[in-house]
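Written out below as structure tokens is the structure these notes cover.
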Amino acid sequence: MSSASTSTVITDIATLVTNDPSLGDASPLGLIRDAAVVIEGDRVVWTGESSKAPATDTRVDAGGRAVLPGFVDSHSHLVFAGDRTEEFNARMSGRAYSAGGIRTTVAATRAASDGALEANLVRHLDEALRQGTTTFETKSGYGLTVADEARALSIAARHTEEVTYLGAHIVSPDYAEDPAAYVALVTGEMLDACAPHARWIDVFCEKGAFDGDQARAILTAGMARGLTPRIHANQLSYGPGVQLAVELDAASADHCTHLTDADVDALAAGRTVATLLPGAEFSTRAAWPDARRLLDAGVTVALSTDCNPGSSFTSSVPFCVALAVRDMGMTPDEAVWSATAGGAAALRRDDIGRLAPGARADLIVLDAPSHVHLAYRPGVPLVDQVWRRGVREV
């Protein structure tokens with residue numbers, strides 16, 4: 001090993017999830033029992049049985065706990081201000097509620113200072129980190145003006161490389177009478193201001209938001225500026241979003257709640273990941289996505305939180321794992337894979353979501369002997385340690 005950086009072995013791991021079948025039991029999780037993992041600098045350099053671990057500078061005893069890759073939350077909306085407690089309370093109480101939904105958050109976000117927006121973002125990132133999230137994507141979409149969208153992305157880019165331009169969240173209230181003019185803004189001046197801060201472009205393709213033609217125009221404009229598409233697709237109803245995602249080779253089609261057989265076949269034939277967001281269904285009492293149908297068809301599935309102040313105000317990937325197992329037809333192994341390697345696939349990353357030589361040393365130590373406890377013990381704070389880039393942060 002190089003002497004340029006300190007090496008650390010984490011040993012006495014009851015179950016190590018590598019997400020590399022060649023390293024472990026040949027399952028998708030690549031499980032290794034009685035395992036160890038060696039970190040040098042910010043990378044994993046060795047995994048295997050504890051008894052075969054090489055000598056290192058330091059040693060950490062996992063005490064018979066499970067270790068798995070850090071969660072990759074590939075869909076969140078964390079640059080916002082305000083609170084929508086009353087809306088949630090009304091929805092859960094069966095009462096009509098006339099406030100503006102996303103528009104309520106847009107008004108609060110526009111009124112907030114940069115410092116307030118960043119402080120709120122950091123608070124939620126710290127919350128997510130304590131629950132095992134080591135990589136996250138986040139979007140704009142609560143400004144809907146050129147200046148507000150650009151500042152949201154600039155703030156987000158200080159905290160993650162996975163930044164998504166979502167000027168096309170809804171038609172801005174300022175353009176309620178002229179959606180075509182808003183699409184022109186999103187694909188013109190707003191895109192010019194936002195593209196330098198983002199890696200991705202997204203659109204909410206849904207009745208009441210943007211139709212298929214508008215979504216195509218928005219995504220292709222972003223692609224022409226070097227942004228890679230992802231799309232909010234088929235959340236509230238059947239629609240063109242999934243088919244458009246596959247046609248444009250989008251990294252991810254997110255929600256995927258209402259799918260035709262043709263939609264499933266398209267996802268199975270392409271490389272677009274189906275990102276499922278069970279927090280949204282939980283918080284709106286909507287129908288659950290059918291993960292089993294997608295998995296059985298050979299679709300790559302990711303699990304993420306959709307953390308946002310309106311429809312899924314959770315930053316907890318473990319909670320989403322438990323929901324996916326209980327209500328979406330996933331096995332515990334599938335849910336853990338989808339929350340780690342699946343999220344990485346949705347971000348087109350191969351350096352995260354796995355614990356194999358060369359991968360980034362992002363990992364979680366659970367206060368449990370198996371990753372299955374994430375679903376087996378729902379709601380229990382099982383994340384005991386979080387390591388990011390080779391450094392213990394929790």
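The values are calculated or read from the model by the stated rules, or taken from the named source; none is laboratory data. If you're wondering where the values come from, they're calculated on a predicted model, not measured in any experiment. Methodologically, a virtual Cβ is constructed for each residue, glycine included, from the backbone with ideal geometry; neighbour enumeration extends over all protein chains shown. All accessible areas refer to the heavy atoms of the entire protein, side chains included, with ligands and DNA or RNA removed. Shrake-Rupley method; radii C 1.70, N 1.55, O 1.52, S 1.80 Å.
For V299, the criteria (1) open to solvent by less than 40 Å² (accessible area, probe 1.4 Å); (2) part of a helix (DSSP H, G or I) hold in every case but one, which is (2).
Listed by position, the helices (runs of 4 or more DSSP H) enclosed by the stretch 69-134 that each have at least 1 residues that are within 18 Å of Y165 (Cα to Cα) are 102-111, 114-130. Evaluation of V246 against the conditions (1) touching an Asp or Glu at 6+ places or on another chain (Cβ under 7 Å); (2) surrounded by fewer than 24 Cβ atoms within 10 Å (Cβ to Cβ) shows that the sole unmet condition is (1).
Residues in the stretch 161-215 that are small (G, A, S), without any contact (Cβ under 8 Å) to a residue 40 or more places away in the chain, over 17 Å from D148 (Cα atoms) and in a loop (DSSP other than H, G, I, E, B): A176, G208.
Scanning the stretch 212-223 for residues that are in contact with a helix residue (DSSP H, G or I) (Cβ under 9 Å, 6 or more places away or on another chain) and either among the small types (G, A, S) or open to solvent by 10 Å² or more (accessible area, probe 1.4 Å) (or both) yields G212, Q214, A215, R216, A217, T220, A221, G222.
Matching residues to (1) buried (at least 20 other Cβ atoms within 10 Å of the Cβ); (2) at pLDDT below 95; (3) part of a strand (DSSP E or B); (4) touching a Lys or Arg at 6+ places or on another chain (Cβ under 8 Å):
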{"position": "M1", "(1), (2), (3), (4)": "no, yes, no, no"}
{"position": "A4", "(1), (2), (3), (4)": "no, yes, no, no"}
{"position": "I13", "(1), (2), (3), (4)": "yes, no, yes, yes"}
{"position": "L29", "(1), (2), (3), (4)": "yes, no, no, no"}
{"position": "T47", "(1), (2), (3), (4)": "yes, no, yes, no"}
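Those residues that are touching a Gly at 6+ places or on another chain (Cβ under 7 Å) and either under 10 Å from L355 (Cα atoms) or small (G, A, S) (or both), I need them from the stretch 1-16; list them, please. Listed by number, the residues that qualify are S5, A14. Quick one: is E149 farther than 30 Å from P378 by Cβ, open to solvent by 20 Å² or more (accessible area, probe 1.4 Å) and touching a residue at least 40 places away in the same chain (Cβ under 8 Å)? In short, no.
If the condition is being closer than 20 Å to K139 by Cα and of a type in the set (A, V, I, L, M), then the stretch 302-335 contributes A302, L303, V317.
Note on the stretch 225-243: among residues that are in contact with a Leu (Cβ under 9 Å, 6 or more places away or on another chain) and open to solvent by 50 Å² or more (accessible area, probe 1.4 Å), the one that is nearest to P278 (Cα to Cα) is Y238. Residues in the stretch 103-127 that are hydroxyl-bearing (S, T, Y), more than 19 Å from S283 (Cβ to Cβ) and crowded, with 19+ Cβ neighbours inside 10 Å: T109 alone.
Rundown of residues vs (1) of a type in the set (D, E, K, R); (2) touching a Ser or Thr at 6+ places or on another chain (Cβ under 6 Å); (3) open to solvent by less than 50 Å² (accessible area, probe 1.4 Å), yes/no style:
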residue: L68; (1), (2), (3): no, no, yes
residue: A81; (1), (2), (3): no, yes, yes
residue: N89; (1), (2), (3): no, no, no
residue: G94; (1), (2), (3): no, no, no
residue: G101; (1), (2), (3): no, no, yes
residue: L129; (1), (2), (3): no, no, yes
residue: T135; (1), (2), (3): no, no, yes
residue: T138; (1), (2), (3): no, yes, yes
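A count restricted to the stretch 269-280 and to residues that are more than 14 Å from F88 (Cβ to Cβ), open to solvent by less than 40 Å² (accessible area, probe 1.4 Å) and out of contact with any helix residue (DSSP H, G or I) (no Cβ under 7 Å at 6 or more places or on another chain) stands at 1.
A single entry from R293, R354, R360 fulfils the requirement of being among the basic types (K, R) and either surrounded by fewer than 19 Cβ atoms within 10 Å (Cβ to Cβ) or without any contact (Cβ under 8 Å) to a residue 12 or more places away in the chain (or both): R293. Between V365, V380, the distinction of being open to solvent by less than 10 Å² (accessible area, probe 1.4 Å) and either free of Cβ contacts under 8 Å to residues at least 24 places away in the same chain or closer than 20 Å to D20 by Cβ (or both) belongs to V365 only.
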